[in-house]
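Single-structure report; data block below.
The values are calculated or read from the model by the stated rules, or taken from the named source; none is laboratory data. Every value quoted in this text rests on a predicted model; they were computed, and no experiment measured them. In this analysis, Cβ positions are derived from the backbone assuming ideal geometry, glycine residues included, and neighbour counts consider all displayed protein chains.
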Amino acid sequence: MASAEGAVARVTRASLNNLTLELQTDSELSQFNRMKKIDAIHRVQRYIVDRSATAGSCAFFRIVCNVMDGVLVSSIVTLLGGPLWAEILSGFLFALVVGVLSVLLRPRMSGSFKPLDAMMRHHRIVGVAVALTPFARIGSDAVNKRVAREAELSDDEELEKLQREQGRAVIDRLAESREVDPEVSEMLRNVLTLSETLTREIMVPRTDMICIEKGETLSAMLKLCSRSGFSRVPVIGDSVDDLIGVAYLKDAVRATAFNAQAISRPVESIVRDPLLVPESKPVDDLFHQMQKQRQHVAIVVDEYGGIAGLVTIEDTLEQIVGELEDEHDRTQHAEPVKVGDHKWKLPARTPIADLEEMFEIDMDEDDVDTVYGLLTKALGRVPIVGASAVTRGLKLTAVDSAGRRKKVSTILVEPAGLNDGSIPIEPSGDDEESDERAHESRKDGHKDKHKENNDR
């Protein structure tokens with residue numbers, strides 16, 4: 001009874017179905033034995049329909065047997081004419097021996113380790129216990145209704161909640177027993193928490209989204225993808241909330257690989273309709289929707305219809321297996337590195353206080369706390385590798401990215417005007433205009449100097 005009680009909670013329908021298939025395909029088994037074992041499997045399947053009632057029946061008979069052990073031995077001593085003290089002592093000693101054997105043999109643990117074998121071996125006596133204890137099913141239903149009434153949940157919600165709690169308890173026991181790899185048990189825990197995690201908790205917020213305007217060319221998009229490391233970029237109109245769609249790097253490459261003139265086509269020509277999801281959507285539902293619709297990226301919208309952020313299918317998988325990185329992802333440097341006279345490579349999260357100490361200046365910035373925030377504020381947009389800006393007499397240049405989200409990880413800081421050419425900077429559209437203005441200024445300066453020399 002103890003072995004069956006431990007096994008009924010752990011035997012699964014899938015294991016019973018697999019055993020049925022094995023028996024049906026076993027050529028060495030006679031037809032009579034095959035049908036006999038299949039009939040036993042069908043009995044076990046009926047027992048696990050209501051696991052709580054079946055376990056209650058087994059527990060009832062186990063308790064009755066434990067009580068009757070001492071009673072029967074005391075009765076035998078009475079029939080042999082023993083005194084009262086001998087009856088009591090014999091019953092107590094026999095019950096004590098049974099208890100010690102139960103602790104040493106651990107039949108309930110054997111049923112937990114091999115639940116299918118235990119249920120197949122004891123299915124007849126389990127059937128007798130279930131048939132003789134119809135009140136076990138009534139008690140199980142009463143407990144479930146009482147718990148559901150106290151929690152104010154429907155039957156389906158309560159059943160799902162109980163199953164989730166039981167699953168967590170099983171995983172915790174497996175992790176504590178050290179019979180399962182800790183990483184595997186951690187992934188199982190993460191799977192159970194997917195339904196409680198909302199999309200807003202794993203999305204990339206709109207302030208960190210890399211977007212491209214609909215009027216940009218495919219050439220500009222290829223450069224943006226190369227510099228940012230992303231292969232899917234939202235296409236916007238006047239603002240982030242004016243979403244046109246999502247442009248894919250594969251589509252841009254396919255359009256320009258065999259047609260050089262297509263490089264000047266607008267990015268709007270390859271845009272795809274976006275998948276829109278609410279920020280309150282559970283992560284497990286989000287994963288199944290993206291899997292079903294074959295979408296690897298979705299745009300997250302808030303309750304007012306505005307763009308709240310962006311989420312990818314990798315973000316949902318990371319909730320289960322942890323951080324995902326490929327061979328192009330780099331790790332973020334933890335310490336500042338001096339690369340020249342008055343030139344430092346700083347981690348993006350370096351506090352501004354450290355920057356002030358290095359260059360002996362007073363930044364007086366209240367709304368940003370890190371070097372990355374300072375660069376973002378100076379640019380007015382999310383920085384990518386190669387972006388640079390001058391603020392407070394310092395030139396900040398994003399020179400490296402790290403992680404799957406390709407966030408800027410290293411920033412080169414130097415006094416404004418100091419650039420020995422050791423760090424190549426790929427200009428963006430705004431940088432190209434500033435370079436052209438600087439080039440025109442240098443040309444005008446050369447002309448003035450040449451005219452001055454001729455006058456002399």
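Here are a few things to note about the model shown:
- Residue match in the range 356-373 (condition: modelled with pLDDT of 80 or more and touching a Gly at 6+ places or on another chain (Cβ under 9 Å)): yes
- Within the range 341-382, the set of residues being assigned to a helix (DSSP H, G or I), among the acidic types (Asp, Glu) and surrounded by 12 or more Cβ atoms within 10 Å (Cβ to Cβ) comprises Asp354, Glu356.
- Hey, Gly386 under 19 Å from the mean Cα position of the chain (by Cα), small (Gly, Ala, Ser) and either crowded, with 17+ Cβ neighbours inside 10 Å or at pLDDT 85 or above (or both) or not: no
Each row is one residue, and each column tells you yes or no for (1) surrounded by 11 or more Cβ atoms within 10 Å (Cβ to Cβ); (2) at pLDDT below 90; (3) not β-branched (Val, Ile, Thr).
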{"site": "Arg13", "(1), (2), (3)": "yes, yes, yes"}
{"site": "Leu19", "(1), (2), (3)": "yes, yes, yes"}
{"site": "Gln24", "(1), (2), (3)": "no, yes, yes"}
{"site": "Ser27", "(1), (2), (3)": "no, yes, yes"}
{"site": "Arg34", "(1), (2), (3)": "yes, yes, yes"}
{"site": "Asp50", "(1), (2), (3)": "yes, yes, yes"}
{"site": "Thr54", "(1), (2), (3)": "yes, yes, no"}
{"site": "Ser57", "(1), (2), (3)": "yes, yes, yes"}
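- Boolean, Gly417 is at pLDDT 80 or above and on the phi > 0 side of the Ramachandran plot: no
- Residue match in the range 280-295 (condition: within 20 Å of Cys211 (Cβ to Cβ), at pLDDT 90 or above and among the basic types (Lys, Arg)): no
- Residues that are aromatic (Phe, Trp, Tyr) and touching a helix residue (DSSP H, G or I) at 6+ places or on another chain (Cβ under 6 Å) number at least 1 in the following helices (runs of 4 or more DSSP H) confined to the range 1-60: 31-47.
- Verdict on Pro282 being touching a Ser or Thr at 6+ places or on another chain (Cβ under 7 Å) and more than 30 Å from Glu186 (Cα to Cα): no
- Whichever residue in the range 240-257 is exposed (fewer than 13 other Cβ atoms within 10 Å of the Cβ) and within 13 Å of Leu218 (Cβ to Cβ) and, among such residues, is modelled with the lowest pLDDT: Ala257
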